[in-house]
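Asks: Take a look at the following structure, please.
The values are calculated or read from the model by the stated rules, or taken from the named source; none is laboratory data. Quantities reported herein were computed from a predicted structural model and do not represent experimental measurements. When we count neighbours, we look across all protein chains shown, and the Cβ atoms used for this are built from the backbone with ideal geometry, even at glycine. What goes into the accessible areas is simple: the full protein's heavy atoms, side chains included, and nothing from ligands, DNA or RNA. Shrake-Rupley method; radii C 1.70, N 1.55, O 1.52, S 1.80 Å.
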Amino acid sequence: MNIKKGTLFYSHLISLEKITIEVNNLHISKEEKEHLLNIASSNIHFAVLDVVLSHLPSEQKETFLEHVENDDHKKIWEFLKEKVENAEEKIIKRSEELLEELLLDIAALKK
Amino acid sequence: MGNHSHYHHLKHKWLKKNKELHEHIVLKHKDISRSHRLKQHLIGGLMLASTPFIAATPAAASTPPIPVPTPVQSSSISRQEVAELLKEKLPPNVRPLTPSEEEDITSTLSKNLRIKVLPELHGIRLNRSYGLIGQEQHLPRFVGDSISQHFDSSDDATIYASYGMTPGRGAWGYFANSKAELTPEDNLREKYYIAVQTFLAPGWNEHVSEYKDFFKYRKMLLVNPENGKAIICDIADAGPGESTGKHLGGSPEVMKYLERVDGAQKGPVLYFFIDDSNATIPLGPLTL
């Protein structure tokens, strides 16, 4: 089981390998693993949205969401590179923080 | 901690985080809180997190959500625990709840089922929120609908055909103008319908037209307090009459799920409105 990669504008920045491996190592059903990975993906999605929106002025937030809705990665990144300084680094930092929290939750189960 | 507990522990913790992240975005980005696109993205994320047994991909998070008739796994406690909690809070006899009882019970259900439930919505309430539910028949979905063509599968037909179909239409007419125009949503509305005593709602006589619009296909959460089973239904008919001694009716599918198909064909249920203004909560059973 794996989370499908390369489908969101930030997919190339975030490695879900660790969390996928750790969840797959849990002795729970396939369906339960899928649900946990869905929640993790959803959490990352919210975190990425927040970090980008937090660095955009009000009038440009809607434009960003429109590009995301159209799933036009080229336009999204042209937009972000122009409007948000070090957008990639910011997305990577926030998502890694969140993934680390999730991994710690799994590690805590083993204690 | 057992393996199954690992799943429940992580699910509970990560869904809590999911809710916090969602609320954070809504609060922090109030400047675009009315944005249709933002709402779609937020709902898409929530739907992904609440879709337990579908091999969803992150792509789903960026796609406008389509309410699907899959069970929503929303709770961190078992049905038995729900039943035990309700047993402590409900009166021994089935009667209208007092405002403080309603507040206590809706708070308990909202917290544990992770769905906001309310005895009153937009200033409108029913005559009661705790009553006896009785068995209803299937409703015709369009002109010419019949038992022989009513079911999605032969298994469903075997289980549910014997309940028959009402000769008349539901309170809001047919669900679709014709068989060709019947949508999956129409189908689910009939499958999970309830009949409630709209005509006894406080203010009905003074606001008939407004109340009809409000009640039409309005979603409600029904809970069998004896087993903790919960299901999202929609109001598609008015009734039963006061003389029946029953307070609401359920489709054969609703009654079967709630296990209210005992010999008496009626039993107590709690029924509350849900706030589904974004139309994201699908009709059907809530699996705990």
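Asks: Can you give me the P(r) profile for region B:79-285? Cα pairs, bins 10 angstrom wide beginning at 0, each as a whole percent.
Replies: Here the calculated profile for region B:79-285 is 8, 36, 38, 16, 2.
Asks: Oh, and also: How far apart, in nm, are the 7 Å Cα→Cβ label points at B:Ser277 and B:Lys216?
Replies: Modelled inter-label distance: 2.1 nm.
Asks: Here's something else I'd like to know. With helices defined as uninterrupted DSSP H runs, which ones in chain A have an alpha carbon span along their own long axis of at least 30 Å and mean Kyte-Doolittle hydropathy of at least -1.0? Walk me through the intermediate numbers first.
Replies: Details: long enough: A:30-53 (34 Å, 0.27); A:87-109 (34 Å, 0.18).
Helices meeting the span and hydropathy rule in chain A are A:30-53, A:87-109.
Asks: If the viscosity is 0.692 mPa s and the temperature 37 °C, what Stokes-Einstein diffusion coefficient in µm²/s follows for chain A when Rh is the Kirkwood radius over Cα pairs?
Replies: 218 µm²/s
Asks: Could I ask something else about it? From other protein chains only, count the Cβ atoms within 10 Å of every residue's Cβ in A:22-34, then give the mean.
Replies: On the way: counts 0, 3, 0, 0, 4, 5, 9, 4, 2, 6, 10, 1, 6.
The mean count of partner-chain Cβ atoms within 10 Å per residue comes to 4.
Asks: What is the mean number of Cβ atoms from other protein chains located within 10 Å of the Cβ atom of each residue in peptide A:67-76, rounded to a whole number?
Replies: Per residue, the number of nearby Cβ atoms from other chains is 2 on average.
Asks: Next up: For B:21-32, what's the mean count of beta carbons from other chains sitting within 10 Å of each residue's beta carbon?
Replies: That average works out to 4.
Asks: Would you mind estimating how fast the protein assembly as shown diffuses translationally, via Stokes-Einstein at 4 °C and 1.567 mPa s with the Kirkwood radius over Cα pairs, in µm²/s? List each step's numbers first, then the result.
Replies: Working: Rh = 23.0 Å.
Translational diffusion coefficient: 56 µm²/s.
Asks: Around B:Asp186, with a cut-off of 14 angstrom between Cβ atoms, what is the net charge of the other residues, counting Lys and Arg +1 and Asp and Glu -1?
Replies: Working: positive: B:Arg141, B:Arg169, B:Lys179, B:Arg189, B:Lys191, B:Lys216; negative: B:Asp145, B:Asp152, B:Glu181, B:Glu185, B:Glu190, B:Asp234.
Neighbour charge sum, excluding B:Asp186 itself: 0.
Asks: For the protein assembly as shown, what is the percent of antiparallel DSSP beta bridges, rounded to the nearest 5?
Replies: 70 percent
Asks: To continue, here is another question. Would you mind working out the accessible area per residue for the protein assembly as shown, using a 1.4 Å probe, and quoting it in Å²?
Replies: Spelled out: the 1.4 Å probe surface of the protein assembly as shown, per residue, equals 47 Å².
Asks: Local charge sum around B:Pro140 (other residues, Cβ-Cβ under 9 Å, Lys/Arg +1, Asp/Glu -1)?
Replies: 0
Asks: Can you show me the helix-derived [θ] at 222 nm for chain A, built from DSSP H runs with n ≥ 4 at -39,500 (n - 2.57) apiece and divided by the number of residues, rounded to the nearest 500.
Replies: Working: 5 runs with 79 residues, N = 111.
So the calculated ellipticity at 222 nm is -23500 deg cm²/dmol.
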